[in-house]
Amino acid sequence: MFLDLDRMNRSEWIAVAGGLLLAVATFLPWYGTSDNPNAVIDGERGDFSAWEVHPIIRWLMLGTAAAPLILAWIVLRDHQLSWPRGDATAVVAIAAIGLVLYSGIVSRPGEPRSEIGLQIGWFLALLGIVLMMVGGAKRAAEVERRRKPPGVI
C-alpha cells in the first residue's frame, strides 16, 4: 500500500502540526510553583506537566491530538465521509481549547492559585489546539456543501 502525501493540502499539514505539538506539550511543564514556600501542587513544589496533574484531561489531550492524524489518514486513503473532511477535527479542537483555558485560567491546580504560574507547555498546547482548529476549519471550508431545498432539515 502506497500513501501519496501529495493528497494532503496545506490546511491538513497545519492541523497535523498542531496535533503533534499538542501531544508533545502534554508532557511539558504546564504549571510551576512560585518562590513562595506555601505554593504547592499536590503537596509538592516545582514544575508539573498536564500528564502529572490532570488524570482525565491528559487522555483527552492525547485523543484530541490524534484527531488531525485521523484526518490525514482519511485523506491519504481517500475515504468517503458523510460530512466535510476537517469538521470533526475543528469541533474536537474547540472542545479542547475550552478544557485547556478552563484548566489554566479558571481552575488552575495548586494552592494558593495566585502563586501557581503557567509554563511553556500550557502555551504550546494552546497553540497546538489553535493550529488544529484553523487547519480543520480551513479544510472543511474547502468542500462545497450540497444545498438542500427549502423546508428540508
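A short reminder: the numbers here are calculations on the coordinates, not readings from a lab. The structure presented is a predicted model; accordingly, all values stated were derived computationally and were not measured. When we count neighbours, we look across all protein chains shown, and the Cβ atoms used for this are built from the backbone with ideal geometry, even at glycine.
The convex hull built on the alpha-carbon positions of the chain has an orientation-averaged projected area of 11.4 nm².
Positive end of the dipole of region 83-153 (Cβ unit charges, origin at the Cα centre): among Ile153, Ile105, Gln119, the Cα lying farthest that way belongs to Ile153. Net charge dipole, the chain: roughly 840 debye, given to the nearest 20, about the Cα centre with Cβ charges of +1 for Lys and Arg and -1 for Asp and Glu. For region 8-141, the antiparallel share of DSSP beta bridges with both residues in that region comes to about 100%. A cut-off of 5 Å between modelled amide H atoms, ignoring neighbours fewer than 5 places along the same chain, links Gly110 with Asp42.
When exposed loop sites are taken as trypsin sites (Lys or Arg not before Pro) in a DSSP loop with at most 11 other Cβ atoms within 10 Å, the longest stretch of the chain clear of them is 1-144. With the charge dipole of region 8-141 set up from +1 on Lys and Arg Cβ and -1 on Asp and Glu Cβ about the Cα centre, the Cα lying farthest toward the positive end among the listed residues Leu76, Ile41, Leu20 is that of Leu76. About the centre of its Cα atoms, region 21-78 shows a dipole size close to 240 debye [charges on the beta carbon of Lys, Arg (+1) and Asp, Glu (-1) only; nearest 20 debye]. Taking amide H positions as modeled 1.01 Å from N, with prolines and chain starts lacking one, the residues under 5 Å from Leu28 and 5 or more places away or on another chain are Ala50. For region 8-141, the relative contact order is 46 percent, taking Cα pairs closer than 8 Å that sit 6 or more residues apart in sequence and dividing their mean separation by the residue count. The HN-Hα couplings worked out from phi for region 29-44 by the Karplus form 6.51 cos²θ - 1.76 cosθ + 1.60 (θ = phi - 60°) are x, 9, 10, x, 7, 7, 6, 5, x, 8, 7, 9, 10, 6, x, 10 Hz, whole numbers, x standing for Gly and Pro.
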